[in-house]
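The values are calculated or read from the model by the stated rules, or taken from the named source; none is laboratory data. As the structure is a prediction and not an experimental result, all values here were calculated from the model. Virtual Cβ from ideal backbone geometry, glycine too; neighbours counted across all protein chains shown. For accessibility, only protein heavy atoms count, side chains too; no ligands or nucleic acids. Shrake-Rupley method; radii C 1.70, N 1.55, O 1.52, S 1.80 Å.
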Amino acid sequence: MPTRKILLNEDEIPKQWYNIVPDLPRPLPPFIDAATKQPGVGIVPRIFPKAIIGQEISQERWIDIPEEVREVYRIWRPTPLFRAIGLEKALKTPAKIYYKYEGVSPSGSHKPNTAVPQAFYNMKEGTKRLSTETGAGQWGSALAFAAMIFGLKATVYMVRASYDQKPYRKMMMNAFGAECFASPSNRTEAGRKILAEDPDSTGSLGIAISEAVEDALVNEEETNYTIGSVFNHVLLHQTVIGLETKRQLEMVDDYPDVVYGCIGGGSSYSGLMWPFYYDKVSKKAPKETKFIATEATACPKVTKGQYQYDHGDTARITPLVPMHTLGHDFIPAPIHAGGLRYHGIAPTISLLTQEKQMTTEAYNQVEVFDAAKQFIRAEGIIPAPEPAHAIKGAIDEALRCKKTGEAKTILFLLCGHGFFDMAAYDEYFSGNLQPYEYPTKKVEESMKKLHTLYPWLDEVNKKYISCEPL
Ligand SMILES: *Cc1c(COP(=O)(O)O)cnc(C)c1O
């Protein structure tokens, strides 16, 4: 029997994070300040500690992980890499399937990998309170945990739809000592403005970000903002996932032909993928590995969105970010993969997509839950709906292998467990779950609005983004 659970020792927790920036096929386009129409970071320096800004713009390939952070990582890291023996058998595939499981962390997903260093650097620079937004509650829980560890207060703005659907997430944040408010709230200008227009607003990640950023700006002296995805420093903190996975696969003398993961803002997938991409660019990879991200047809930013500058938040407080976007006014359908409902994506994912280094596939929530069910019955672990998108991708690939007889090695990221998503499973098992596709027409409407707002946007897009692919 092959080893089912491939484990590392605590002293094998990586000592450095990997930064993809120096290894990208071409430089990342800059942020644009909407006020000056020029490259600039706007309010960013006012809401982050210096150490984080340094990492955000760093050109260094390897960045030391502070000993204090590795000490906290030891609570749940290294995480297990599983050989999906049960799933392989159920599918009768010649393929080998592996999954890296991040659901063993204190909050149940990969998010503490970055929450812990973010809280640490803030503590070191004298911050007293952290503000943030959360969609499904995964990030809010992770940040609450990390703030507690380093003795900081935490305020979390949670998208109203999820706040009502997932009351246990709020209780978890409270247990870690954080406060959690439904967004839109009446605590901020941005929230009050939305509530005045629509008192029953179910909120969005874009609105919640506006509230959390405003909170940090208004209370600039003692409060900083923290973010759970999209920014480069977040993605780089997540590379502990891929670095561990590489060592674990070495232990069983294997290497992936294909790497799957889901993308909300792109942090967990980047965390797994970047170290394998590094092998490729440094000519150390024994295979031509394919990188395939998966997203929801209800929030298809890469497969249906446009690669251009847009704000990261609804109130347009953040600078313009070069990314695939559905428009900053995107209000998602209430699908259950809450972590995949953000309108944009990490700029590195957009660049790697344009340069054909990776691709993205979109699935609807019914086929995704079909895959989750198959996985549960074969492996005994209940996945969150977000990574169930990656499971769907991996199962389809394994079935293609069955047809062709290829014994490929498939790797995917199981980035979180689904213990707080049982209401979604209930809806699925009772046959009430509906597939949903976001219409292309709506993306076009949002883009038209954006270009009316900034008539100069085409020029900026052309200058920084629409360069010829290499
Ligand atoms: C936050 C989250 C996501 C989406 O965020 P990424 O930055 O794309 O990783 C996906 N799955 C889970 C379980 C999450 O908590």
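Length available on full extension from residue 24 to residue 46: 0.36 nm per residue minus the Cα-Cα distance, which gives 5.1 nm. In a shell of Cβ-Cβ distance under 15 Å around residue 229, excluding residue 229 itself, what net charge do Lys and Arg (+1) and Asp and Glu (-1) give? Result for the neighbourhood of residue 229: -3. When the surface is traced with a 1.4 Å probe over the full set of protein chains, residue 176 keeps roughly 40 Å² accessible.
Only the Cβ atoms of Lys and Arg (+1) and of Asp and Glu (-1) were treated as charged; on that basis the dipole of the chain about its Cα centre amounts to roughly 880 debye. FRET efficiency for the residue 449 to residue 219 pair, using the beta carbon distance and R₀ = 25 Å, is estimated at 0.20. Per-residue SASA remark: residue 465, around 0 Å² accessible (1.4 Å probe; ligands, DNA and RNA not included). When only Cα pairs below 8 angstrom with a gap of at least 6 residues are kept, the chain shows a relative contact order of 19 percent. Across the range 230-242, coupling constants 3J(HN,Hα) worked out from phi with the 6.51/-1.76/1.60 Karplus curve, θ = phi - 60°, read 6, 5, 4, 5, 5, 4, 5, 4, 6, 5, 4, 5, x Hz, and Gly and Pro carry x.
Identify the chymotrypsin sites (Phe, Trp or Tyr not before Pro) of the range 405-467 meeting these criteria: DSSP loop state and at most 14 other C-beta atoms within 10 Å of the C-beta. Passing sites in the range 405-467 are 419, 456. Treating the angle as unsigned and between 0 and 90°, give the value, to the nearest 10°, between the Cα long axis of helix 385-404 and the longest Cα principal axis of the chain. Long axis of 385-404 versus the principal axis of the chain: about 30 degrees. Structural descriptor for the range 112-227: relative contact order 30 percent, calculated from alpha carbon pairs under 8 angstrom and at least 6 residues apart.
Between the helical axis of 205-218 and the longest alpha-carbon principal axis of the chain there is an angle of about 50 degrees.
With a 1.4 Å probe and all protein chains left in place, how much of the accessible area of the chain comes from carbon and sulfur atoms, in whole percent? In the chain, the share of accessible area belonging to carbon and sulfur is 52 percent. Partners of residue 89 within straight-line reach, counting lysines whose Cα lies under 27 Å from its Cα and excluding those fewer than 8 residues away in the same chain: 5, 100, 246, 287, 290, 373, 392, 402, 403, 408. Local charge for residue 158 was computed over the other residues whose Cβ lies under 9 Å away, with Lys and Arg +1 and Asp and Glu -1, and equals +3.
Exposed loop sites here are trypsin sites (Lys or Arg not before Pro) assigned a DSSP state other than H, G, I, E or B and surrounded by at most 10 other beta carbons within 10 Å; excluding them, the longest clear run of the chain is 93-282. Only protein heavy atoms count here; on that basis, with a 1.4 Å probe, residue 251 has an accessible area of about 110 Å². Looking at the range 162-247, the GluC sites (Glu not before Pro) that sit in a DSSP loop and have at most 15 other Cβ atoms within 10 Å of their own Cβ are 220, 221, 222. By the rule of a C-alpha distance below 23 Å, with chain neighbours fewer than 8 residues away ignored, the lysines paired with residue 124 are 15, 50, 111, 153.
Could you give the accessible area per residue of the range 192-295, probe 1.4 Å, as a whole number in Å²?
Values: 3470 Å² over 104 residues.
Computed with neighbouring chains in place, this is 33 Å² per residue.
Heavy atoms of the protein chains alone define the surface here; on that basis the range 23-141 has 36 Å² accessible area per residue at 1.4 Å probe size. Between the amide H of residue 252 and any residue lying 5 or more places away or on another chain, no distance stays under 5 Å, with hydrogens modeled in the peptide plane.
The Cα atoms of the range 112-227 give a gyration tensor whose axes a ≥ b ≥ c have a/c of 1.5 or more with a/b no greater than b/c, which makes the shape oblate. Simple point charges give the picture: +1 on the Cβ of Lys and Arg, -1 on the Cβ of Asp and Glu, and for the range 141-239 a dipole about the Cα centre of about 420 debye. How big is D for the range 364-470, in µm² s⁻¹ as a whole number, if Stokes-Einstein is applied with the Kirkwood radius of its Cα pairs at 10 °C and 1.306 mPa s? Diffusion coefficient, whole number: 92 µm²/s.
Rounded to whole Å, the principal axis extents of the Cα atoms in the range 299-371 read 39, 31, 16, largest first.
Each residue of the range 133-144 was assigned a 3J(HN,Hα) from its phi angle through the Karplus curve 6.51 cos²θ - 1.76 cosθ + 1.60 (θ = phi - 60°); the sequence is 10, 8, x, 6, x, 5, 5, x, 5, 5, 5, 4 Hz, with glycine and proline shown as x.
By the scheme Lys and Arg +1, Asp and Glu -1, what is the net charge of all other residues having a beta-carbon under 10 Å from that of residue 344? That sum, taken over residues with Cβ under 10 Å, equals -1.
Nearest 5 is fine: what % of DSSP beta bridges in the chain come out antiparallel, could you say?
On the way: 19 of 52 bridges.
That works out to approximately 35 percent antiparallel.
Given the -39500 (n - 2.57) contribution per DSSP H run of 4+ residues, what per-residue ellipticity at 222 nm results for the chain, rounded to the nearest 500 deg cm²/dmol? List each step's numbers first, then the result.
On the way: 19 runs with 194 residues, N = 470.
After summing the helix terms and dividing by the residues of the chain, the value is -12000 deg cm²/dmol.
May I ask for the Rg/Rh ratio of the chain, computed from Cα atoms with Rh as the Kirkwood radius, given to two decimals?
Reported Rg/Rh (Cα atoms, Kirkwood Rh): 0.94.
Each label point was placed 7 Å from the Cα along the Cα-to-Cβ direction; for residue 285 and residue 193 their separation is 4.3 nm.
Assuming R0 = 51 Å, what is the FRET efficiency of residue 253 and residue 53, from their Cβ-Cβ distance, to the nearest 0.05?
Details: r = 41 Å, r/R0 = 0.81.
For R0 = 51 Å, the calculated efficiency reads 0.80.
Distant-in-sequence amide contacts of residue 109, defined by a placed amide H-H separation under 5 Å and a gap of 5 or more residues or a different chain, comprise nothing.
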